[in-house]
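Have a look at the structure below, then the notes.
The values are calculated or read from the model by the stated rules, or taken from the named source; none is laboratory data. All values derive from a computational prediction rather than experimental measurement. Reconstructed Cβ throughout: ideal geometry from the backbone, glycine too, with neighbour counts over all protein chains shown. These accessible areas exclude ligands, DNA and RNA; they are computed on the full protein's heavy atoms, side chains included. Shrake-Rupley method; radii C 1.70, N 1.55, O 1.52, S 1.80 Å.
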Amino acid sequence: VSATSQWFTQRKTFTSFIMMNSFTAIDFEPAQGNMTSICQVGLVHVVNGIITDELNILVQPPNNYYWGRFIDIHGITPEMTRNAPTFDKVWHQIEPFISCQNVVAHNGLRFDFPVLNKTLDYYRMSTPTYEKHCTYHIFKKGLAFLCHQYNISLNHHDALSDAKACAELFKIHLGDGR
């Protein structure tokens with residue numbers, strides 16, 4: 001193995017470490033079955049294994065329309081979001097944690113990332129570039145099960161709690177957690 005080859009291998013490993021020392025864990029709660037019906041956003045930003053920022057935002061979904069079974073799941077009601085801003089009005093708070101970042105979500109490949117894309121399309125806003133990571137894809141188990149297995153605190157279907165739990169799981173995956 002040449003010295004040049006070793007250097008490129010070490011650089012790639014170092015670059016991967018540097019890139020993963022910072023990530024955002026995100027979760028969306030929907031008001032109903034439409035992929036643009038975000039009613040709560042929870043996110044945490046992690047740097048070197050420590051949560052440095054968090055957001056927990058109630059969002060008024062389009063027409064403030066909810067399905068009862070979704071209210072039963074997360075407890076968020078139309079009354080709670082009647083005066084909340086719509087997603088396009090809070091995107092400026094969220095976007096810095098997504099754009100050009102490592103972003104992780106539990107079941108993100110099937111739910112959270114498509115929800116973000118469709119919601120941004122709905123409001124005619126561009127989707128930023130970001131690296132997608134999915135703890136469901138990594139661990140192949142549900143969030144509640146994994147939180148029980150790893151003794152991670154969880155108030156399931158509260159977006160901020162789900163995002164924090166997802167961050168803990170990703171830290172375990174990266175070797176920074178328990």
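Taking the range 109-132 on its own, how many of its residues are over 17 Å from residue 36 (Cβ atoms) and of a type in the set (Gly, Ala, Ser)? Going through the range 109-132 one residue at a time, the tally reaches 0. Filtering the range 24-44 for residues that are loosely packed, with under 14 Cβ neighbours inside 10 Å, over 20 Å from residue 134 (Cα atoms), at pLDDT 95 or above and polar (S, T, N, Q) leaves an empty set.
Of all residue pairs spaced 6 or more apart or on separate chains, those with beta-carbon atoms under 8 Å, a first member in the range 80-107 that is touching a residue at least 60 places away in the same chain (Cβ under 8 Å) and closer than 13 Å to residue 163 by Cα and a second member that is open to solvent by 40 Å² or more (accessible area, probe 1.4 Å) and assigned to a helix (DSSP H, G or I) are 106/136.
Kindly provide the set of residues from the range 59-86 that are aliphatic (A, V, I, L, M) and open to solvent by 70 Å² or more (accessible area, probe 1.4 Å), ordered by number.
Our first condition is that a residue be aliphatic (A, V, I, L, M); within the range 59-86, this holds for 59, 71, 73, 76, 80, 84.
Correct list: 73, 80.
Looking only at the range 98-140, residues that are β-branched (Val, Ile, Thr), surrounded by 13 or more Cβ atoms within 10 Å (Cβ to Cβ) and over 12 Å from the mean Cα position of the chain (by Cα) come to 3 in all.
When you scan the range 87-97, how many residues do you find that are surrounded by fewer than 17 Cβ atoms within 10 Å (Cβ to Cβ) and either farther than 25 Å from residue 64 by Cβ or within 15 Å of the chain's Cα centre (by Cα) (or both)? Give the steps one after another, and end with the answer.
Within the range 87-97, the first condition is being surrounded by fewer than 17 Cβ atoms within 10 Å (Cβ to Cβ), and the residues that meet it are 88-89, 92-93, 95-96.
Those left that are additionally either farther than 25 Å from residue 64 by Cβ or within 15 Å of the chain's Cα centre (by Cα) (or both): 93, 95-96.
Going through the range 87-97 one residue at a time, the tally reaches 3.
Could you count how many residues in the range 151-178 are over 16 Å from the mean Cα position of the chain (by Cα) and farther than 22 Å from residue 22 by Cα? Count: 1.
Would you confirm, using the coordinates I've provided, whether residue 56 is in contact with a strand residue (DSSP E or B) (Cβ under 7 Å, 6 or more places away or on another chain), at pLDDT below 95 and surrounded by 13 or more Cβ atoms within 10 Å (Cβ to Cβ)? No: the conditions fail for residue 56.
Could you say whether any residue in the range 120-136 is in a loop (DSSP other than H, G, I, E, B), without any contact (Cβ under 8 Å) to a residue 12 or more places away in the chain and either among the basic types (Lys, Arg) or touching a Lys or Arg at 6+ places or on another chain (Cβ under 9 Å) (or both)? I'd like the intermediate steps shown before the answer.
If we filter the range 120-136 for residues that are in a loop (DSSP other than H, G, I, E, B), which is where we start, we get 123-130.
Filter again for without any contact (Cβ under 8 Å) to a residue 12 or more places away in the chain, leaving 124, 126-127.
If we keep only those that are either among the basic types (Lys, Arg) or touching a Lys or Arg at 6+ places or on another chain (Cβ under 9 Å) (or both) too, we end up with 124.
Yes, some residue in the range 120-136 is in a loop (DSSP other than H, G, I, E, B), without any contact (Cβ under 8 Å) to a residue 12 or more places away in the chain and either among the basic types (Lys, Arg) or touching a Lys or Arg at 6+ places or on another chain (Cβ under 9 Å) (or both).
Out of the residues in the range 144-164 that are in contact with a strand residue (DSSP E or B) (Cβ under 9 Å, 6 or more places away or on another chain) and farther than 13 Å from residue 26 by Cβ, state the one that is most open to solvent (accessible area, probe 1.4 Å). Ranking the candidates gives 157 first.
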